[in-house]
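FYI, it's all coordinate maths here, none of it is from the lab. No experiment lies behind these values; they were computed from the predicted model shown. Cβ coordinates were reconstructed from backbone atoms using ideal geometry, including for glycine residues, and neighbour counts include every protein chain displayed.
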Amino acid sequence: MRRLFIAAAALLAAISCSSDRSGVLKVYNWSDYIGEGIISEFEQWYKEQTGEDITVVYQTFDVNETMLSKIEKGHEDYDVVCPSDYIIERMLNSGLLLPLDFASIPDSINYIAKNRSPYIEKMFREINPEIDANDYSVAYMWGTTGIIYNTKYVTDEEASTWDVISNPKFKDQVLIKDAPRDVYGPVLIYLKQKELKEGKVTLQELMSDSSDESIAAVEEYLKSAKDNVLGWEADFGKDQMTKGRGVLSLNWSGDAVWAIEEAAAVGVDLKYVVPEEGSTVWFDGWVIPKYAKNVKAATYFIDFMCRTDIAIRNMDETGYVASNGAWEVLESQIDEEQDAVDLSYFFGEGADSVHVDGTLYPDKAVIERCALEHDWGADTDKLLAMWSRVKGDNANSMTYIIIGALLLAIIAAAAVSAHKKRARHSSKRRRR
Ligand code: SPD
């Protein structure tokens, strides 16, 4: 491991010293978000297509905001990154993205246009009403935000509402995604359910609601739920749920698919639901930041990721749903044991009753109660401040017991060491 780290550091150092980056592609993606061996296959494919060598430097992140800050503040020279919808919107608004030029890709291998789902194209147009995000990004994976729950402890009815997060029955048993926007959206939808039902506000309006009043209401709700919080997790929640640590997790559908499969193998029954009040639907897409140094290889990389066989492998290994709308992708997921789902919105006519996993591909009815998050611009700082107040407040009795025990251990170790020192001094004095 150490040798691997030194080699990676040496490669990065060599890259930063050399001005010619044509043989290197720097990719920055979410962790656990690509199939085994895909990167080296891309390197071979690129050589076959262009006759040029390429080495991919692949780095990962767990939260959108970490990635954004490296580019927005650090101006890092990543060639291709994978932000979520509202971050794509922010990057578009601040001129951080280069337009994609697929004309540079020969027709014979242009997988992007061939495989784009009309649903994805439409949702990407919604990202920013003034600039078409389809010209700057290509969707990779997508999904919903909901609740993963352990059926041994949580009933379907309990999990059918976001209220379950603060249900006192689940003290110290709830894992929450450490992703402020993805928690804020569903909680606000829950808190505004009356106004939603009465038609006084729409789901879409709530996704842009950064008012002080709404932020305060979400903060109050999350604080009221904090005794239930077992942890704020960036990427370990799915694994914890499979091990029976935590009975509920506010999470993304892709993590749910992965966790449900892994848990079944060890006899733990997990389910996933998008609560009835509604939630967010999200999309992660490939973009080329303006500080990129290898636009050509970045463009080929995005194209390669849209190849149907590659999309299917990435899906099968990560649990997430590819944005690829090719019919072969749907066929690869058919499982007659699953209930029928209406996917006409994604695959078009003929897909209104297909037997696929409804956690993977949400039924049309679920999609109709979900909305896309939007960038808040400068108001994002208010959300991040609220988030750290909520998390900082989260010390529960167990935390205090652990801190107390650690302090006692440190004091005891210091007392023992002082005692030994004194004993050595007095035995030295006796010898003299
Ligand atoms: N482990 C990869 C997870 C990527 C999920 N992206 C979801 C973003 C929601 N805004």
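Miscellaneous remarks
- Using the Cβ-Cβ distance between THR161 and ASP107 with R0 set to 30 Å, the FRET efficiency from 1/(1 + (r/R0)^6) comes to roughly 0.05.
- Residues LYS26, LYS420, LYS192 arranged by fewest to most Cβ contacts within 10 Å: LYS420, LYS192, LYS26
- Part-to-part distance (alpha-carbon centres) for segment 252-294 and segment 144-191, which is given in Å: 15 Å
- Computed from label points 7 Å out along Cα-Cβ, the spacing between ILE131 and ALA216 is 3.5 nm.
- Gyration tensor (alpha-carbon) shape descriptor, segment 28-133, a/c threshold 1.5: oblate
- Working ranking of peptides 197-203, 347-353 by packing, defined as the average number of other Cβ atoms within 10 Å per residue, highest first, is 347-353, 197-203.
- Cα gyration tensor shape for segment 300-400, rounded if a/c is under 1.5, else prolate or oblate: prolate
- Residues THR308, THR66, arranged from fewest to most other Cβ atoms within 10 angstrom of their Cβ, appear as THR66, THR308.
- Couplings 3J(HN,Hα) for segment 178-190, derived from phi with the Karplus relation 6.51 cos²θ - 1.76 cosθ + 1.60 (θ = phi - 60°), are 7, 9, x, 5, 6, 9, 4, x, x, 5, 5, 4, 4 Hz, where x marks Gly and Pro.
- Euclidean distance of C-alpha centroids, segment 352-383 and segment 21-79, integer Å: 26 Å
- Put in order of Cβ neighbour count within 10 Å, fewest first, the listed residues HIS75, HIS355 become HIS75, HIS355.
- Inter-probe distance in nm under a simple model that places probes 7 Å from Cα toward Cβ, at ASP269 and LYS169: 1.5 nm
- For the chain, the residue among THR66, ALA415, SER40 whose Cα projects farthest onto the positive side of the dipole built from Cβ charges is ALA415.
- Placed amide H near VAL321: partners under 5 Å, 5+ positions off or other chain: TRP142
- Vicinal HN-Hα couplings computed from phi for segment 258-273 (Karplus, 6.51 cos²θ - 1.76 cosθ + 1.60; Hz; Gly/Pro x): 4, 5, 4, 5, 5, 5, 4, 5, 10, x, 9, 9, 10, 9, 10, 9
- Theoretical ellipticity at 222 nm over the chain - DSSP helices of four or more residues, -39500 (n - 2.57) apiece, nearest 500: -14000 deg cm²/dmol
- You can think of it this way: the chain between TYR58 and GLU198 has 45.6 nm of extra reach, that is 0.36 nm per residue less the Cα-Cα gap.
- Residues whose amide H lies under 5 Å from that of ARG116, counting only those 5 or more places away or on a different chain, are GLY325; hydrogens are built 1.01 Å from N in the peptide plane.
- Using the alpha-carbon positions of the chain, Rg (one decimal) and Dmax (whole number) come out as 24.7, 98 Å.
- Whole-Hz ³J(HN,Hα) from phi, Karplus 6.51 cos²θ - 1.76 cosθ + 1.60, for segment 325-341, glycine and proline x: x, 5, 4, 4, 5, 4, 4, 5, 9, 5, 9, 4, 6, 7, 5, 6, 10
- For segment 87-107 versus segment 330-349, the gap between their alpha-carbon centres in whole angstrom: 31 Å
- The alpha carbon convex hull volume per residue for segment 143-198 rounds to 106 Å³.
- Across every direction, the projection of the convex hull enclosing the Cα atoms of segment 218-321 has a mean area of 9.7 nm².
- 5 angstrom amide H check on LEU97, placed H, neighbours 5+ away: LYS290
- For segment 187-276, the square roots a ≥ b ≥ c of the C-alpha gyration tensor eigenvalues yield an a/c of 1.5 or more together with a/b exceeding b/c, which makes the shape prolate.
- DSSP-defined beta bridges in the chain - what % are antiparallel, rounded to 5: 55 percent
- Considering only alpha-carbon pairs that sit under 8 angstrom and 6 or more positions apart, the relative contact order computed for segment 287-367 is 21 percent.
- Once both labels are positioned 7 Å from their Cα atoms along Cα-to-Cβ, the gap between LYS122 and GLU43 label points is 4.2 nm.
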